[in-house]
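Below is one structure, written out as structure tokens; the observations come after it.
Laboratory data are not the source of any read-out in this text; all were calculated from the coordinates shown. Predicted model, so just to flag it, every value in this text is computed and none were measured. No Cβ is skipped: glycine too gets one built from the backbone with ideal geometry, and neighbour counts run over all protein chains shown.
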């Protein structure tokens, strides 16, 4: 998920990703997306509002640093799937 968010940010630093987009693109259930986002948010890697019915997510600077350190989101988009 962090890989996907880093790739989106690379294309458009102002972009926010919907929970539905994460479900579709990553093949995950709504609950899995929410659980993963909660874990990433707890670590300060993403920002999202878990109370909204349609979740919107943005990677944080810390999340970008982690993704870059791991080499995530820096390859072409085919690596996301």
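At a glance:
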quantity	calculated
Inter-label distance, nm, simple model (7 Å from Cα along the C-beta direction), residue 42/residue 28	1.4 nm
Rg/Rh for the chain, where both radii come from Cα atoms and Rh is the Kirkwood radius	0.93
Mean Cβ neighbour count within 10 Å, used as a protection proxy, ranking 1-12, 38-49 highest first	1-12, 38-49
Length added when fully stretched, residue 35-residue 49, from 0.36 nm per residue minus Cα-Cα	3.8 nm
Kirkwood hydrodynamic radius of region 23-70, Cα pairs, Å	11.2 Å
Mean Cα-pair separation over length for region 2-80, i.e. relative contact order, pairs under 8 Å, 6 or more apart, %	40 percent
